[in-house]
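Just so it is clear, none of the values below were taken in a lab; they were calculated from the coordinates. Worth saying up front: this structure is predicted, and the values here are computed from it rather than measured. Quick reminder, even Gly has a Cβ in these numbers, built from the backbone with ideal geometry, and neighbours come from all protein chains shown.
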Amino acid sequence: MEEKNTCPLCNRPLGQAVEMHHLIPKSQGGRDTIPLHPICHRKIHALFNEKELARRFSTIEALRQSEEITLFIEWLKGKPADFYRKTRPKGGKRRR
């Protein structure tokens, strides 16, 4: 079982900034939340829309099986708890 002070997505200690993530988006009927680093939370939402999150990625295990998330977690290893860098949308395109 993972500690409460650990991000369930990347397994790094949580820092001062924490965001709550709905495993199933509220718009899709979700209620349960988990604490994540802001960078982890934003990466999830940059990669997947709300229907994808509800249908295919409604658990941490499912998210971690995504190749994009696996690569992101590997890149994030060893970075400080409050490390943050702006997250680009899927495909690296800027939103206007």
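Anything in the stretch 74-89 that is of a type in the set (Lys, Arg) and exposed (fewer than 12 other Cβ atoms within 10 Å of the Cβ)? List them, or say none. Spell out how you get there, then give the answer.
Residues of the stretch 74-89 that are of a type in the set (Lys, Arg), as a first pass: 77, 79, 85-86, 88.
If the condition is that a residue be of a type in the set (Lys, Arg) and exposed (fewer than 12 other Cβ atoms within 10 Å of the Cβ), then Lys77, Arg85, Lys86 are the ones that fit.
Of everything in the stretch 11-47 that is touching a helix residue (DSSP H, G or I) at 6+ places or on another chain (Cβ under 6 Å) and without any contact (Cβ under 8 Å) to a residue 40 or more places away in the chain, the residue that is surrounded by the fewest Cβ atoms within 10 Å (Cβ to Cβ) is Ser27. Taking the stretch 14-42 as the range and being within 19 Å of Leu76 (Cα to Cα), part of a loop (DSSP other than H, G, I, E, B) and not β-branched (Val, Ile, Thr) as the test, the residues that pass are Leu14, Gly15, Gln16, Ala17, His37.
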